[in-house]
Amino acid sequence: MSRMMTGAKMVVQALRDQGVEVVFGYPGGAVLPIYDEIFQQNDIRHVLVRHEQGAVHMAEGYARSTGKPGVVLVTSGPGATNAVTGIVDALMDSIPLVVLSGQVPTFMIGTDGFQEADTVGITRPVTKMNWLVKDTAKLSETIHQAFHVATSGRPGPVLIDIPKDVQFAEAAYTEPQKARTSHYQPKVKGDIEAITRMVELLETAERPVFYTGGGVINSGPGAAQLLREWVDAAGVPITSTLMGLGAYPASGKHWLGMLGMHGLYEANLAMHGCDLMINVGARFDDRITGRVADFSPNSAKVHIDIDASSINKVIRVDVPIVGDVGHVLEDALRLWKARGRKVNREALARWWDQINEWKKINCLAFKPSASSIKPQYALQRLQELTKDHPKRYITTEVGQHQMWAAQFLHFDQPNRWMTSGGLGTMGYGLPASIGVQVAHPDALVINVAGEASWLMNMQEMGTAMQFRAPVKQFILNNERLGMVRQWQELLHGERYSSSWSESLPDFVKLAEAFGCKGIKCSDPADLDDAIREMLAYDGPVIFDCLVEKHENCFPMIPSGKPHNEMLLAADASAFKSGAVLV
Ligand SMILES: Cc1cc2nc3c(=O)[nH]c(=O)nc-3n(C[C@H](O)[C@H](O)[C@H](O)COP(=O)(O)OP(=O)(O)OC[C@H]3O[C@@H](n4cnc5c(N)ncnc54)[C@H](O)[C@@H]3O)c2cc1C
Ligand SMILES: Cc1ncc(C[n+]2csc(CCOP(=O)(O)OP(=O)(O)O)c2C)c(N)n1
């Protein structure tokens, strides 16, 4: 017999039945009945944030580092609108989230009631699916459907708007097994003929490259394992997008490093010169393709993606495969083995010779300095001093530091790297680090930040303190909006329009104000000890690392240029005159 309960009780019961352990949220009038239910139980933990944007990024960090959906609870009006940036961020990066928002009572909808906003209207374009539930009898089934939609196929954020009277009213609870989910059953098995064609192409290719992305991480650890097996057995070079780092180990023999706008020289030239590209769960983002007309001009292209609408959206491909990475790679590997594990060994050896020549350029080289800390040096030292930690998780903010982190920190496992790729949301990293730490209490969680991004959600240090999340905030402080400054230097005639902060807080005093530890370092000779002090401290740390102010991040493909017109540090001054912006 179905159990009768209030809508508010149903929310908590449905979350429990969906295996939710933690909710990131902020209360207000329109969600008080749900908060009252949360108070009266101990199965689900509530993390009280300081701003609703922080709640969503925490849920993203939680989701990306666990593979489970993140859950957010916000009130109506400003609570919901504050969450919007985070929801868009999750949509762009395919992160599964279930956002629950309170709404004014149904009879007040449309009356400009107190804290009324058209949350479903506002979030319709930025969610995978959203619902306004006007009847308590439909609430529990809707929540179960929401979890199904958020986590199936291409993951993404969903939102359920729940009016206050629906939370108070009683109805029968629907168990998860009885919830109807037949309306959304994305295809996970790839077409076997297309997979066979991909295997045939790999067998004969002279210059093949695997180009992998966030879809491998989304598919789960099994997919990353299959990818490693195939790449290593076939001996084919592999590069990845920012979102896919860790799917193939950075210490692996066939790793070329990240590709794209700030990708490695050898990775970009391999993409430009290959005769076969196998895209595994990546979406031909513009930071990757550069000028579309010149993107990898002579290659046959295979694209594995669970979202059919992603295929042929930007780049036309020869072999489209709609399906889940894990399922497709399983079939591909089985077929490739059954057909005798063939590759064109001689041609592949020549291809590696060419790649090894490109590697000799040493595109990440920078001039060390004895008097100031180069940001690249700071990250090299952070890598060296943390690389052996068995549970190291990195989040980032957005800017130059993010790109240097992608270049200088190495990931050997999936789900260890959390960054805002598609939306590029400054203010993502600090809350995301808290979400990761909540999911992995005994892990080492470091947010590599720029001071400007970090300030955008710094109030969340209060959350870190309250919930004893010992997150380390490693701020590369150049007192500049560094990435903006770099573009102005290279592409806008060195006119530095509003790209520096004249007033920054004293980060050590700020740490003290929050009750955590502050460390400041400006001398390269002191850096190792200072990093060790940060790592040894059993609590949150704000590390103010004063770095060289005018360092640029290279390689760089100026937007709208092809891969073979990549700028290296040595070319920068020659380039400054006459650049064309697209
Ligand atoms: C300042 C800045 C600079 C940047 N520079 C770079 C750069 O130099 N290089 C770079 O790579 N990025 C860069 N980015 C990030 C870039 O904007 C994109 O976010 C990124 O390139 C997209 O990665 P992706 O193609 O792996 O796609 P994602 O956004 O991770 O999308 C994943 C794709 O896989 C599919 N998918 C999801 N789940 C599955 C599954 N289970 N099975 C199959 N398919 C699945 C999805 O449908 C989607 O098409 C930069 C971002 C910023 C903010
Ligand atoms: C919310 C938001 N506003 C503006 C931007 C544009 N933007 C991209 S990088 C950047 C500067 C970031 O500065 P900082 O965090 O100090 O990092 P740095 O580049 O110096 O490493 C800006 C303003 C953005 N990505 N996000």
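Could you check, for the range 187-205, whether at least one of its residues is surrounded by fewer than 20 Cβ atoms within 10 Å (Cβ to Cβ) and within 28 Å of Asp388 (Cβ to Cβ)?
no
Determine whether the range 156-167 contains at least one residue that is part of a loop (DSSP other than H, G, I, E, B), in contact with a strand residue (DSSP E or B) (Cβ under 8 Å, 6 or more places away or on another chain) and under 17 Å from Glu141 (Cα atoms).
no
Under the condition of being under 16 Å from Gly244 (Cα atoms) and aliphatic (A, V, I, L, M), which residue from the range 362-414 is surrounded by the fewest Cβ atoms within 10 Å (Cβ to Cβ)?
Here the residue is Leu409.
Output the residues belonging to the range 213-250 that are small (Gly, Ala, Ser) and closer than 25 Å to Met566 by Cα.
Residues satisfying the conditions are Gly213, Gly214, Ser240, Gly244, Gly246, Ala250.
Which of (1) touching a helix residue (DSSP H, G or I) at 6+ places or on another chain (Cβ under 6 Å); (2) farther than 19 Å from Ala55 by Cα is the odd one out, the single condition His410 does not satisfy?
Looking at each condition in turn, His410 falls short on (1).
Let me confirm something: among Met426, Met403, which residue is within 13 Å of ligand 1 (Cβ to nearest atom) and more than 28 Å from Val236 (Cβ to Cβ)?
Step by step, each of Met426, Met403 is checked, and only Met426 is within 13 Å of ligand 1 (Cβ to nearest atom) and more than 28 Å from Val236 (Cβ to Cβ).
Which residues, counting only those in the range 33-43, are surrounded by fewer than 17 Cβ atoms within 10 Å (Cβ to Cβ) and either among the β-branched types (Val, Ile, Thr) or without any contact (Cβ under 8 Å) to a residue 12 or more places away in the chain (or both)?
Selection gives Phe39, Gln40, Asn42.
When residues of the range 421-445 are filtered for being among the hydroxyl-bearing types (Ser, Thr, Tyr), in contact with a strand residue (DSSP E or B) (Cβ under 9 Å, 6 or more places away or on another chain) and more than 9 Å from Thr395 (Cα to Cα), how many remain?
Counting residues in the range 421-445 that are among the hydroxyl-bearing types (Ser, Thr, Tyr), in contact with a strand residue (DSSP E or B) (Cβ under 9 Å, 6 or more places away or on another chain) and more than 9 Å from Thr395 (Cα to Cα) gives 0.
Kindly indicate whether any position in the range 258-268 is away from ligand 2 (no atom under 16 Å from the Cβ), hydroxyl-bearing (Ser, Thr, Tyr) and closer than 18 Å to Ile355 by Cα.
Yes, because at least one residue in the range 258-268 is away from ligand 2 (no atom under 16 Å from the Cβ), hydroxyl-bearing (Ser, Thr, Tyr) and closer than 18 Å to Ile355 by Cα.
Every residue, every condition in (1) under 19 Å from Val166 (Cα atoms); (2) not in a helix (DSSP H, G or I), yes or no:
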residue: Val47; (1), (2): no, yes
residue: Ala59; (1), (2): no, no
residue: Arg64; (1), (2): no, no
residue: Gly79; (1), (2): yes, no
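Check Arg124 against each of (1) without any contact (Cβ under 8 Å) to a residue 24 or more places away in the chain; (2) more than 26 Å from Ser420 (Cα to Cα) and name the one condition it does not meet.
(2)
Listed residues Glu200, Glu229, Glu206; which is outside the structural domain of Leu15 (by TED's automatic domain parsing), more than 20 Å from the chain's Cα centre (by Cα) and free of Cβ contacts under 8 Å to residues at least 12 places away in the same chain?
So the residue among Glu200, Glu229, Glu206 that is outside the structural domain of Leu15 (by TED's automatic domain parsing), more than 20 Å from the chain's Cα centre (by Cα) and free of Cβ contacts under 8 Å to residues at least 12 places away in the same chain is Glu200.
Output the number of residues of the range 467-483 satisfying the condition of being farther than 14 Å from Met534 by Cβ and within 12 Å of ligand 2 (Cβ to nearest atom).
Going through the range 467-483 one residue at a time, the tally reaches 7.
Looking only at the range 173-207, filter to residues that are part of a loop (DSSP other than H, G, I, E, B) and basic (Lys, Arg); which one of those is farthest from Asp324 (Cα to Cα)?
It comes out as Arg207.
Among the residues of the range 498-510, is there at least one that is among the aromatic types (Phe, Trp, Tyr), within 21 Å of Gly54 (Cβ to Cβ) and within 14 Å of ligand 2 (Cβ to nearest atom)?
Within the range 498-510 (the criterion being among the aromatic types (Phe, Trp, Tyr), within 21 Å of Gly54 (Cβ to Cβ) and within 14 Å of ligand 2 (Cβ to nearest atom)), the answer is yes, since at least one residue qualifies.
Quick check on my filter: what residues within the range 129-186 are small (Gly, Ala, Ser) and within 22 Å of the chain's Cα centre (by Cα)?
Selection gives Ala146, Ala150, Ser152, Gly153, Gly156.
Table: residues versus (1) farther than 29 Å from Val74 by Cβ; (2) outside the structural domain of Val31 (by TED's automatic domain parsing).
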residue: Thr142; (1), (2): no, no
residue: Phe147; (1), (2): no, no
residue: Gly213; (1), (2): yes, yes
residue: Asn218; (1), (2): no, yes
residue: Pro237; (1), (2): yes, yes
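Can you run down the residue pairs with Cβ atoms below 6 Å, 6 or more apart or on separate chains, where the first is in the range 500-523 and farther than 22 Å from Gly462 by Cα and free of Cβ contacts under 8 Å to residues at least 40 places away in the same chain and the partner is of a type outside the set (A, V, I, L, M) and surrounded by fewer than 13 Cβ atoms within 10 Å (Cβ to Cβ)?
Short answer, once both residue conditions are applied: none.
Out of Met458, Met483, Met534, I need the residue that is buried (at least 18 other Cβ atoms within 10 Å of the Cβ), within 16 Å of ligand 1 (Cβ to nearest atom) and not β-branched (Val, Ile, Thr). Which one?
Testing whether each residue is buried (at least 18 other Cβ atoms within 10 Å of the Cβ), within 16 Å of ligand 1 (Cβ to nearest atom) and not β-branched (Val, Ile, Thr) leaves just Met483.
Table: residues versus (1) more than 23 Å from Glu116 (Cα to Cα); (2) of a type outside the set (A, V, I, L, M, F, W, C).
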position	(1), (2)
Leu15	yes, no
Leu32	no, no
Arg64	yes, yes
Val72	no, no
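Listed here are the residues, each with its yes/no results for (1) within 27 Å of the chain's Cα centre (by Cα); (2) within 18 Å of Ile446 (Cα to Cα).
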site	(1), (2)
Gly462	yes, yes
Ala469	yes, yes
Gln473	yes, yes
Leu476	yes, yes
Glu479	yes, no
Glu489	no, no
Ser522	no, no
Leu535	yes, yes
Gly539	yes, yes
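The values are calculated or read from the model by the stated rules, or taken from the named source; none is laboratory data. Since the model is a prediction, treat every value here as computed from it, not as a measurement. Please note: Cβ atoms are built from the backbone with ideal geometry, for glycine as well, and neighbour counts cover all protein chains shown.
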